[in-house]
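**Student:** I have a structure here, written as structure tokens, and I will follow up with some questions on it.
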């Protein structure tokens, strides 16, 4: 069989678990001709050359800081990715010398599948406004959960700054999701600057970071006896969905909300 390469683009990539996960998956299925590599791109200006110069490259995952910025470089994007405004998976097809790239988003489904059994309807705070934040917001909208975005430097009316997070705001938002890289390896001592004293046992703190397994954000939640979850299961979910996209012969996606049974939408 022809050699096939998949990979991850972003910068930096020293924290990534993706290559080990996908390569183990390929070995388990006996796909000796398939491999997964890391492609750290200091600039997206390097993206067209990567696609052109690695003819075996068939699929890519996208991570920080390129999930939004990659879109203008692609030939097409899936409807879900278009609605979210972020791409974390790219399928590359090559036919008669023509290269076609299509973007998908598996983050929203990956997040959705981890929270539906754990949360009740509640107001939520989403820490961060990047590509991962957009995917989380998309899933919460479907679940009819009201949310507010929090940013270090709000540029849009309605987005809160960390300085605006009062004890009352924290108490009114039982679901708090960190979509920022704050606390990610190697800066494991950092955590988002929210008033943790207002966290209680009825809160659910969800950190999309998976390395380290217990971030400062998660640790603070545990101290306050809140329910907590890190990003490992979401990572596995979105990676498995990306794997299906990479290996599908159809120009379709198993992404949110096509494949998985979803809860009925309420009328309120």
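The values are calculated or read from the model by the stated rules, or taken from the named source; none is laboratory data. Just so it is clear, the structure is predicted and the values come from calculations on it, not from any experiment. All Cβ positions, even for glycine, are placed from backbone atoms using ideal geometry, and neighbour counts span all protein chains on display.
**Student:** Is it the case that segment 186-199 has a residue that's out of contact with any helix residue (DSSP H, G or I) (no Cβ under 9 Å at 6 or more places or on another chain) and over 19 Å from residue 126 (Cα atoms)?
**Tutor:** The answer is yes, given that some residue of segment 186-199 is out of contact with any helix residue (DSSP H, G or I) (no Cβ under 9 Å at 6 or more places or on another chain) and over 19 Å from residue 126 (Cα atoms).
**Student:** Looking at residue 21, is it modelled with pLDDT under 95, surrounded by fewer than 17 Cβ atoms within 10 Å (Cβ to Cβ), assigned by TED's automatic domain parsing to the domain that holds residue 87 and assigned to a loop (DSSP other than H, G, I, E, B)? So that I can check it myself, show each step before the final result.
**Tutor:** Values: modelled with pLDDT under 95: yes; surrounded by fewer than 17 Cβ atoms within 10 Å (Cβ to Cβ): yes; assigned by TED's automatic domain parsing to the domain that holds residue 87: yes; assigned to a loop (DSSP other than H, G, I, E, B): no.
Considered against the rule, which asks whether it is modelled with pLDDT under 95, surrounded by fewer than 17 Cβ atoms within 10 Å (Cβ to Cβ), assigned by TED's automatic domain parsing to the domain that holds residue 87 and assigned to a loop (DSSP other than H, G, I, E, B), residue 21 comes out as no.
**Student:** Could we say that residue 35 is touching a strand residue (DSSP E or B) at 6+ places or on another chain (Cβ under 7 Å) and on the phi < 0 side of the Ramachandran plot here?
**Tutor:** Answer is yes for this residue.
**Student:** Ok, one more. Being over 19 Å from residue 141 (Cβ atoms) and assigned to a helix (DSSP H, G or I) is the filter here, so list the residues in segment 68-112 that pass it.
**Tutor:** 71, 72, 73 - these are the residues of segment 68-112 that are over 19 Å from residue 141 (Cβ atoms) and assigned to a helix (DSSP H, G or I).
**Student:** When you go through 140, 60, 125 one by one, which is the residue that is within 21 Å of residue 231 (Cβ to Cβ) and part of a helix (DSSP H, G or I)?
**Tutor:** Step by step, each of 140, 60, 125 is checked, and only 140 is within 21 Å of residue 231 (Cβ to Cβ) and part of a helix (DSSP H, G or I).
**Student:** May I pose another question? Kindly indicate whether residue 53 is more than 19 Å from the chain's Cα centre (by Cα) and not assigned by TED's automatic domain parsing to the domain that holds residue 227.
**Tutor:** When the stated conditions are applied, residue 53 passes them.
**Student:** Residues of segment 161-181 being outside any helix (DSSP H, G or I), in contact with a strand residue (DSSP E or B) (Cβ under 8 Å, 6 or more places away or on another chain) and more than 13 Å from residue 206 (Cα to Cα), which ones?
**Tutor:** If the condition is that a residue be outside any helix (DSSP H, G or I), in contact with a strand residue (DSSP E or B) (Cβ under 8 Å, 6 or more places away or on another chain) and more than 13 Å from residue 206 (Cα to Cα), then 161, 165 are the ones that fit.
**Student:** Tell me the residue from 13, 57 that is touching a strand residue (DSSP E or B) at 6+ places or on another chain (Cβ under 7 Å), crowded, with 17+ Cβ neighbours inside 10 Å, farther than 26 Å from residue 185 by Cα and in contact (Cβ under 8 Å) with a residue 40 or more places away in the chain, please.
**Tutor:** None of the others qualify; the one that does is 57.
**Student:** When residue 164 is evaluated against the numbered criteria (1) more than 18 Å from residue 224 (Cα to Cα); (2) surrounded by 16 or more Cβ atoms within 10 Å (Cβ to Cβ), which criterion, by number, is the only one it fails?
**Tutor:** In the conditions (1) more than 18 Å from residue 224 (Cα to Cα); (2) surrounded by 16 or more Cβ atoms within 10 Å (Cβ to Cβ), residue 164 misses (2) alone.
**Student:** State the number of residues belonging to segment 81-103 that are surrounded by 23 or more Cβ atoms within 10 Å (Cβ to Cβ) and modelled with pLDDT under 95.
**Tutor:** Matching residues across segment 81-103 total 2.
**Student:** Inside segment 217-226, can you point out the residues that are assigned to a helix (DSSP H, G or I) and touching a strand residue (DSSP E or B) at 6+ places or on another chain (Cβ under 9 Å)?
**Tutor:** Of everything in segment 217-226, those that are assigned to a helix (DSSP H, G or I) and touching a strand residue (DSSP E or B) at 6+ places or on another chain (Cβ under 9 Å) turn out to be 217, 218, 219, 220, 221, 222.
**Student:** Of the conditions (1) surrounded by fewer than 18 Cβ atoms within 10 Å (Cβ to Cβ); (2) at positive phi; (3) in contact with a strand residue (DSSP E or B) (Cβ under 9 Å, 6 or more places away or on another chain), residue 128 satisfies every one except a single condition; which number is it?
**Tutor:** The single condition residue 128 does not satisfy is (1).
**Student:** Same structure again: Can you say whether residue 36 is surrounded by fewer than 17 Cβ atoms within 10 Å (Cβ to Cβ), free of Cβ contacts under 8 Å to residues at least 40 places away in the same chain and in contact with a helix residue (DSSP H, G or I) (Cβ under 6 Å, 6 or more places away or on another chain), as far as the supplied structure shows?
**Tutor:** The answer is no for residue 36.
**Student:** Could you tell me which of the residues 97, 85 is out of contact with any strand residue (DSSP E or B) (no Cβ under 7 Å at 6 or more places or on another chain) and more than 17 Å from residue 48 (Cα to Cα)?
**Tutor:** 85 is the lone residue from the list that is out of contact with any strand residue (DSSP E or B) (no Cβ under 7 Å at 6 or more places or on another chain) and more than 17 Å from residue 48 (Cα to Cα).
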